[in-house]
Amino acid sequence: MSETVYFLGAGANRGLTNPQGQKPPLDGDFFQLLAAQGKALPNEPIPRGATVPHYKFRLNGNVPPLDQASEPPNIYWVYDFIQWFWHISPKDLASKPFSLEELHTFLQLERQEATKSKDVKKAKECLFIELVLEHRLSNYLSEFSHKAKSDPEMVKFGEIVHKQKSTIITTNYDLIVEAVIDKASHSNSGATSKQSVPAWTVNDSYAVRFSEGDDWNTKVPSKHTRPLMLKLHGSLNWGSIVDVMANVPKPEKGLLFYLKKEFTGGYLTLGKQGKQQHLYKPLIVPMVLYKGEYLGHPAIQAAWKEARKELSKCQNLVVIGYSFPPTDFNVKKLFLEALYQRELKKLTIVNPDTSVVQRIKDLTHFQKPIIVCSDIGEFVK
């Protein structure tokens with residue numbers, strides 16, 4: 001067990017910017033950020049014959065089935081879905097907030113209802129719209145992983161965590177922390193020395209096991225390396241593949257480790273499976289009100305189980321950028337169960353919102369003086 005445990009929420013990354021100077025997305029500004037990058041509807045391919053909303057065409061059966069489409073799913077489908085149900089145009093999305101949580105939840109419920117009623121076509125379309133949205137979000141978040149390696153404050157944070165061999169528990173599914181720990185690991189591995197310490201290996205740091213595949217890592221880790229990464233909402237580099245040729249596409253069994261640095265929304269062609277078309281589906285818990293469907297995955301459950309163990313044994317807890325919102329009671333439950341019989345030696349809270357301090361003290365039953373920092377920059381000084 002690690003003496004120090006870091007618990008990271010979305011606020012941990014808010015100090016970063018991508019090459020365009022944008023910050024990581026919040027629930028309501030994702031489509032505005034895409035528009036500012038010039039990646040809104042006008043720059044996306046529009047399916048043939050789509051003179052009215054594309055989703056309306058698909059519902060009426062006037063568009064070829066997805067497995068016969070000449071182009072892979074693209075963000076146009078997402079914009080069209082929003083316009084069809086919310087009557088919000090792509091132009092409006094570029095200038096007004098729109099909740100990703102509401103969109104994900106609506107898609108989830110639509111897909112579940114269609115599956116229950118055996119409406120294969122509707123269930124299939126909802127799944128693919130979810131996939132497009134996940135891939136575009138993955139693409140956007142991957143920009144910050146690269147930028148983090150040159151950010152002095154995040155690099156310093158990675159060095160501290162790597163030196164401590166501590167545990168990271170996070171609700172974030174991006175790869176930002178992995179990027180800076182990896183940088184620190186290779187900086188300190190001393191590859192030319194006979195007494196060198198092996199570099200930290202990211203896929204061995206997760207409390208999960210991975211399956212085999214041509215474009216995937218085939219090593220099944222026998223033990224976890226430190227720092228340990230426990231990702232409660234999954235990770236962009238965990239996933240499965242979906243065969244779009246199937247009558248009822250669904251993620252295949254097994255958990256795959258995605259080796260590639262960039263995430264794309266197009267098809268993947270896997271060598272052993274010939275010319276069949278596949279889409280990579282990251283194993284993440286998206287912003288939805290009803291998380292049970294995703295939290296039941298064995299890999300997600302393994303991360304939660306290990307997180308409970310680590311929290312119950314840690315001496316020093318550092319909470320960065322997480323405010324324990326009422327809608328995420330599972331995290332509150334995790335803390336209450338792990339800490340109700342013991343007392344921490346040290347509690348540090350990194351958050352510009354000081355109103356969360358008492359909330360976190362109550363959850364952790366911590367009565368001693370605490371350390372409060374406004375951001376990671378202040379914490380690593």
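The values are calculated or read from the model by the stated rules, or taken from the named source; none is laboratory data. Worth saying up front: this structure is predicted, and the values here are computed from it rather than measured. Every residue, glycine as well, gets a Cβ built from its backbone with ideal geometry; the counts of neighbours run over all protein chains shown.
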Margin query: Going through SER185, SER166, SER189 one at a time, which residue ends up being under 28 Å from THR4 (Cβ atoms), in contact with a Pro (Cβ under 9 Å, 6 or more places away or on another chain) and modelled with pLDDT under 65?
Written below: SER189
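Take LYS156 and tell me if it is modelled with pLDDT of 95 or more and either out of contact with any Phe, Trp or Tyr (no Cβ under 9 Å at 6 or more places or on another chain) or under 30 Å from GLU3 (Cβ atoms) (or both).
yes
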Check: Could you list, in sequence order, the residues of the stretch 329-381 that are of a type in the set (S, T, N, Q), more than 30 Å from PRO152 (Cα to Cα) and within 23 Å of the chain's Cα centre (by Cα)?
Finding: ASN330
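When you scan the stretch 287-344 for helices (runs of 4 or more DSSP H) that lie fully inside it, which ones turn up with 2 or more residues that are of a type in the set (S, T, N, Q)?
In the stretch 287-344, the matching helices (runs of 4 or more DSSP H) lie at 298-313.
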Next item on the list: Please note which helices (runs of 4 or more DSSP H) are completely contained in the stretch 15-123 and include at least 1 residues that are modelled with pLDDT of 50 or more.
Entry: 30-36, 75-86, 90-93, 100-116
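Run down LYS231, LYS333 and say which single residue is at pLDDT 80 or above, charged (D, E, K, R) and either farther than 22 Å from THR171 by Cβ or crowded, with 22+ Cβ neighbours inside 10 Å (or both).
Only one candidate qualifies: LYS231.
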